[in-house]
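Here the structure comes first, spelled out in structure tokens, and everything after it is commentary.
FYI, it's all coordinate maths here, none of it is from the lab. Every value quoted in this text rests on a predicted model; they were computed, and no experiment measured them. Please note: Cβ atoms are built from the backbone with ideal geometry, for glycine as well, and neighbour counts cover all protein chains shown.
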2 protein chains.
Amino acid sequence: MKIGELGRATGTSVETIRFYEAEGLLSAPARNAANYRVYELAHLERLSFIKRSRDLGFTLDQVRELLRLADDPGNSCAGVDVITARHVAEIDRKLADLNALRGELVRRLDSCQGPTIADCRIIEALSPKSAAE
Amino acid sequence: MKIGELGRATGTSVETIRFYEAEGLLSAPARNAANYRVYELAHLERLSFIKRSRDLGFTLDQVRELLRLADDPGNSCAGVDVITARHVAEIDRKLADLNALRGELVRRLDSCQGPTIADCRIIEALSPKSAAE
DNA sequence: ATGCACCCTGAAGTCACTATAGGGTCAAGC
DNA sequence: GCTTGACCCTATAGTGACTTCAGGGTGCAT
């Protein structure tokens, strides 16, 4: 399996796969006569794991840790739980921030009536002279 | 007003102010005999505008555009509305993504029962052999 | 032999800062 | 007059997770 196939199979770009190899997340595969990377099933599985973790928003450092934990089936599950719970807490923080942001923006959009900048409530809200806080 | 005062007045770090100057967002102020930057009220107002916009999640490119629009009071307000509406749409996308993510993570956390990795539902969900999709 | 899709390396660019190294300035206190 | 400390300066590199670019090699079909 060449790098392009692996990319298509996992939904990862070729550049990203090479990047993961350089980062030590994915082990360097064998090379054929033309110096092309040749991947085995184990690589596909590993990269799928990485892709899923990234899609769930884990950082590369967290993925590294999850891989380390997953590699030993005797390990306690607690480490995984901790990483996941911490990640959920982080997401909750981001959700709260974004919701607050959205509220402010929509409020400003709704109040914008005049046709020119001089009457624009959004610009007005951003400008220091009308500072509301 | 020196750079440190300006920073305290706007809640911006000294490094960030110099960065904004290098980026062309904030015009270069006069210098005193010691080559220190000396800021006027106009700089404070401009930087406040930038800070507010950034706090609302606009990118520096969007801030640049907002500043350009705000500079001419005769401009149509429509441009500002478009930038803001686009930004709200972007936030909505992020909110949906984060909510979906959170749901998946919590579902996995809740279902994690066994004490070791071998029984861990989170690792299982990340591993390709149990691919659910 | 020519085109095209694919592969390779190494380096630089992205975003919005943050940090670091190595220095100069200024007022207060000894 | 000398030191201490807070402040200021420039230039450069680092962050995360890639992406893009420059400049080339490979493999197969036409």
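What shape does the stretch A:67-113 have by the C-alpha gyration tensor, where a ≥ b ≥ c are the square roots of the eigenvalues, rounded means a/c under 1.5, and otherwise prolate means a/b greater than b/c and oblate the rest? Cα axes put the stretch A:67-113 in the prolate bin.
Per-residue shielding of A:63-72, expressed as the average number of other chain Cβ atoms within 10 Å of the residue Cβ, stands at 2. Cysteine residues of chain B whose C-beta has no other cysteine C-beta under 4.7 angstrom: B:CYS112. If every alpha-carbon in the stretch B:1-56 counts as one equal scatterer, what log10 I(q)/I(0) does Debye give at q = 0.15, 0.24 1/Å? Evaluating at q = 0.15, 0.24 Å⁻¹ gives log10 I(q)/I(0) of -0.36, -0.94.
Roughly how many debye, to the nearest 20, is the charge dipole of the protein assembly as shown about its Cα centre, given +1 on each Lys and Arg Cβ, -1 on each Asp and Glu Cβ, and no other charges? Don't jump to the answer; show the numbers that get you there.
Working: 38 positive and 40 negative charges, 64 e Å.
Here the size comes out at about 300 debye.
Shape summary of the protein assembly as shown, radius of gyration then Dmax from alpha carbon positions: 25.0, 70 Å.
For the pair B:ALA22 and A:ALA96, label points projected 7 Å from Cα toward Cβ lie 3.4 nm apart.
With charges only on Cβ, +1 for K and R and -1 for D and E, what is the dipole size of the stretch A:1-98 about its Cα centre, in debye, rounded to 20?
Working: 14 positive and 15 negative charges, 69 e Å.
Dipole size: approximately 320 debye.
Annotation for B:ASP55 and B:GLU104: the two label points, set 7 Å from Cα along the Cα-Cβ direction, are 3.4 nm apart. Amide H to amide H distances under 5 Å link A:THR116 with B:CYS77, where only residues 5 or more positions off or on other chains count and H is placed in the peptide plane. The residue list A:SER53, B:ILE123, B:LEU41 was ranked by how far each Cα lies along the charge dipole of the protein assembly as shown toward its positive end, using unit charges on Cβ atoms, and B:LEU41 comes out on top.
Taking only C-alpha pairs under 8 Å that are 6+ residues apart, what is the relative contact order of the stretch A:1-57 in percent? Please list the in-between numbers first.
Working: 46 pairs, mean separation 21.0, N = 57.
After rounding, I find 37 percent.
Considering helices alone, the calculated mean residue ellipticity of the protein assembly as shown at 222 nm is -20500 deg cm²/dmol, with DSSP H runs of length four and up weighted by -39500 (n - 2.57) and normalised per residue.
Normalised by the number of residues in chain B, what is the relative contact order in percent for Cα pairs under 8 Å and 6+ residues apart?
On the way: 75 pairs, mean separation 17.3, N = 133.
RCO, chain B: 13 percent.
Between copies, the label points of A:GLU21, set 7 Å from Cα on the Cα→Cβ line, lie 4.6 nm apart, reported in increasing order to one decimal in nanometres. Using a 10 Å cut-off around each Cβ of peptide A:82-93, what is the average number of partner chain Cβ atoms that fall inside? Mean partner-chain Cβ count within 10 Å for A:82-93: 3. Quotient of the Cα radius of gyration of chain B and 2.2 N^0.38 Å, N being its number of residues: 1.68.
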